[in-house]
Each structure stands twice: as C-alpha cells, then as structure tokens.
Amino acid sequence: MNGHGRKISIIGLGYVGLPVAVEFGKKEQVIGFDISSIRVHELKQGIERTNEVEAKDLASADIIFTCDAGDLKRADFHIIAVPTPVNNAKQPDLSPVISASRTVGQQLKKGDIVVYESTVYPGATEEECIPVLEEESGLIWGTDFNVGYSPERINPGDKVHTFKTITKVVSGDTVKTLEVVAAVYGSVVAAGVHKAATIKIAEAAKVIENTQRDLNISLMNELALIFNKMNIDTQDVLAAASSKWNFLPFDPGLVGGHCIGVDPYYLTYKATTLGYTPQVILSGRSINDSMGKFIAAQTIKELIKAGKCVKGSVVTILGFTFKENVPDIRNTRVIDIVKELQDYGIKVQVFDPMSDAHEIHKEYNIDVLAAECQLHPAHAVVLAVPHQYFMDKDWSYIGSLLENKTGIVIDVKAKLDRNKIPEGITLWRL
C-alpha cells in the first residue's frame, strides 16, 4: 500500500479515466469501472481504442476492470471521470456525472472520499453532485464521507503532456480532505500538485483554462475572416507577427472536442443563472462555431470560380475527428462542413483512417468510407484534419483524389506545402 493508505476506484474508463487508472494501477491494484460492457471486455483483452495508453502500460497495470458497481465497495477513494458535454441548446448536460454519482452513492461507505475530475461549472460539485451522493447512500456529507475536485487535463493524442507530466490541481471540502487528495495524486503525478483553496476555485480554474484558449483561437479565426476579404494569407501574417517575442502562437481552425468547444458554455451558463450575460466569451464561441460553414462557403466559391456546377459536384473530405491523430469524434466541427455542403446539393464523401465508421454513423448519421479505393474522383478535396497518415503522403496523393488530377484543394490548417502545388490544382487555406 502506498503512503496515502487509500484503495482507489476510477469510474469512467475513457480518454480521461483510463490513463488515470493505469498510472495508479502501476503502483497498486485499483478498481476500473465503466458502464460499457464492450469497453470493459476489450480492456480485459488488452484492446484500447482511444490510443491514449500504450499496450505495455495497460498490461503492466493491476486493474480490476468491471461493470459491477458492487466492486466499488472494495475502494474508499473514488475518482469520477465521466464526460460532461453540452446539449443541442449549448447548455451543460450533467446527466453522465449525476448518473455516476448515483452509482458511487449506492456503494458509498463511511470514511470514503469521492473526487470529481469531470469538467463542471463552479459550484456544481457541491450543488448538484453531493446531494445525489447523500440521497443514494443515506450518509451525511462532511460527517460520513468527504468530497474533492481535481480537474482533468488530458490532451488527446499528446504524448508529451500526459497525466503524469502535467501539474494536477487538487481541492477538498476540508483541509484534511485536501491533504489526502494531494497525497493520492502526488503519489503518481511526477509534475506535482497545486492545492486550490476551495472546490469552486478548482472548478473555475478548469473552465477558464479552455475558455482562454477558445478566445485566443476565436481571435485568430476572426482575423482569418478579415484577411480573406483582403486577399491576404493569414499564415503569412502570423509568421511575420510571430517574430515579436511576446506574440502568442495561436492558429485559426475548427474548434471542437470535449474541452475547448464545450467548457466555455459551462461558465456562461452559470453566469447567466447569476444574472450576468457574458459578452466576450459568447462572442468568441459564436465565431468558432461558425467556421465550418465559412470553410464550406469558401469551397463553394472556389468551385464556382473554377466553372463547376455546385449542385452535383463531388467533394472529398479528409479527416473527421475533432483533431489530428486521435480517433475522438466528440463534438467534431467537421460535421458542419459536411452538412453545409450537402445542403447545397453537393455529393460529400468522407475518409478518415483514424475513426470508427460505425460510431460516426451512430452519432452523426453520415457514412464514412472505410477505404480510399471507395472514393470517387472529386472536384474538390478538403483536408479538414491533418492526420499524420495524410501528411506522410505528398501532393501526388491529393491530386490522385481529384478528377483528372485537377481541381480545388481546401487546406483548413494550412499544413500542405504551397510551394509544391501541382499544375491544375487551386489551393485555398484558412
């Protein structure tokens, strides 16, 4: 047993929970719980579809993978790491974290500590989650059990900034709880911990981390909209501006995923319930949420310039996940490009070697081609997500996807070498 003397369970074995479970599992046996029997079965077989954990690390961790909530009784330190998305109205959807709270609450014992890693608005842990724990357990918060909050900082696909190497913000409902939470995480997080004064402060820190990034990207996107009207290449402008020592390195692009495109809405929702309507944050969100339609509009303009009939044109979209080199399709904004082009009668075909076609169809009701050989010659190609799979290929690959190797190429993240554009191809980049 480690110095903290706690038996750990992790509830939710996705992009966040599994890396946490693995690192603790390298030290001692932990309970890994997930409601998906398929996920649990695969992990028992050593199959890890998120690509966040290496096979050797998964094999070396002592984790009891289970769908049986009763197994949680064997632990006294429960880490809840389930998704907290937004609904279609851009309001927080706390149903996963409330459901997880019910599950843990039903197994809660006196002396247990429950720590939330899921992103929530300031106050949600105490206002929404703790009452559920009390209701389900029949125990009293602060007397029979305690609660902490330690926001996740997992960056999907990032092999440098990992659970172990990122400073962990920790908080607790009492000084004693905080010390236990700090000791537990400090036993595996090499970068150390930062002790927040209260749970609300830790919750607030999490949402503003991604809100700040969201706003910086929205500024770049607005600049791209302006420079496009001026016929100026945005990347050339940013390269020049970056020569100043304190210019911040942000790029325009699609903003999706489970963090940056979601977390700001948690903060703005809470603010509006307090009678304040955020302006800067929502303005930035509006710009970022509009970029898919803008890219689709530019694709259509380029087709028209090339003398193509928009209705019936074929456009190939490369990449569908929310960012490069990950299979994660949550809140991908590539769907905005697809839907907008389809609304104009364009035949859209999507290819993404990183994603699961069945999962995409289930979530977005669109078909993704399983192989490149299924692609029909296109009038335009949109490199929406620059997976390394695509970047390892050259212009001849892009050209081979176009009808007669000529047409339009839309490079959303400006990753293609514009100095090597083959004859007959017109390049537009954000």
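The values are calculated or read from the model by the stated rules, or taken from the named source; none is laboratory data. Note that the coordinates shown come from a computational prediction; the quantities given were computed from them, not determined experimentally. All Cβ positions, glycine included, derive from the backbone under ideal geometry; neighbour counts span all protein chains shown. Remember, those area values only see protein heavy atoms, side chains included, never the ligands or the DNA or RNA. Shrake-Rupley method; radii C 1.70, N 1.55, O 1.52, S 1.80 Å.
Here are the numbers for the structure shown:
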| item | result |
| --- | --- |
| All positions within segment 132-162 that are over 16 Å from Lys110 (Cα atoms) and in contact with a Phe, Trp or Tyr (Cβ under 9 Å, 6 or more places away or on another chain) | Tyr149, Ser150, Pro151, Glu152, Arg153, Ile154, Pro156 |
| Inter-residue pairs, beta-carbon under 9 Å, first open to solvent by 70 Å² or more (accessible area, probe 1.4 Å) and in segment 235-258, second basic (Lys, Arg) and modelled with pLDDT of 95 or more, 6+ apart | Asp251/Lys413 |
| Answer residue from segment 260-285, given it is without any contact (Cβ under 8 Å) to a residue 40 or more places away in the chain and of a type in the set (Ser, Thr, Tyr) and is surrounded by the most Cβ atoms within 10 Å (Cβ to Cβ) among those | Thr268 |
| From the options Gln388, Gln342, Gln374, Gln349, residue that is under 26 Å from the mean Cα position of the chain (by Cα), open to solvent by 30 Å² or more (accessible area, probe 1.4 Å) and farther than 19 Å from Asp289 by Cα | Gln388 |
| Residue within segment 250-260 that is at positive phi, at pLDDT 95 or above and within 20 Å of the chain's Cα centre (by Cα) present | yes |
| Considering residues of segment 57-73 that are within 20 Å of Arg6 (Cα to Cα) and of a type in the set (D, E, K, R) only, the residue least open to solvent (accessible area, probe 1.4 Å) | Asp71 |
| Segment 104-116, subset buried (at least 17 other Cβ atoms within 10 Å of the Cβ) and touching a Phe, Trp or Tyr at 6+ places or on another chain (Cβ under 8 Å), residue nearest to Glu209 (Cα to Cα) | Tyr116 |
| Residues of segment 1-56 satisfying the condition of being of a type in the set (A, V, I, L, M, F, W, C), open to solvent by less than 70 Å² (accessible area, probe 1.4 Å) and in a helix (DSSP H, G or I) | Leu18, Val20, Ala21, Val22, Phe24, Val40, Leu43 |
| Candidate set: segment 215-232, residues that are under 17 Å from Ile295 (Cβ atoms) and hydrophobic (A, V, I, L, M, F, W, C); chosen: the one most open to solvent (accessible area, probe 1.4 Å) | Ile226 |
| Meets criteria (closer than 26 Å to Lys109 by Cβ, open to solvent by 30 Å² or more (accessible area, probe 1.4 Å) and in a loop (DSSP other than H, G, I, E, B)) for Thr165 | no |
| Unique match (being open to solvent by less than 30 Å² (accessible area, probe 1.4 Å) and either in contact (Cβ under 8 Å) with a residue 24 or more places away in the chain or of a type in the set (Asp, Glu) (or both)) among Asp417, Asp394, Asp411 | Asp411 |
| Residue that is nearest to the chain's Cα centre (by Cα), among those in segment 357-371 that are outside any loop (DSSP other than H, G, I, E, B) and closer than 22 Å to Gly312 by Cβ | Val368 |
| Flag for Ile80 being in contact with a helix residue (DSSP H, G or I) (Cβ under 8 Å, 6 or more places away or on another chain), more than 17 Å from Cys259 (Cα to Cα) and not hydroxyl-bearing (Ser, Thr, Tyr) | no |
| Residue satisfying all of: in segment 129-162; assigned to a strand (DSSP E or B) and open to solvent by 20 Å² or more (accessible area, probe 1.4 Å); nearest to Met354 (Cα to Cα) among these | Asn146 |
| Residue within segment 313-327 that is over 24 Å from Lys415 (Cα atoms) and either modelled with pLDDT under 95 or open to solvent by less than 10 Å² (accessible area, probe 1.4 Å) (or both) present | yes |
| Subset tally (residues that are within 21 Å of the chain's Cα centre (by Cα) and open to solvent by 50 Å² or more (accessible area, probe 1.4 Å)) for segment 183-214 | 4 |
| Some residue of segment 74-87 being surrounded by fewer than 22 Cβ atoms within 10 Å (Cβ to Cβ) and among the charged types (D, E, K, R) | yes |
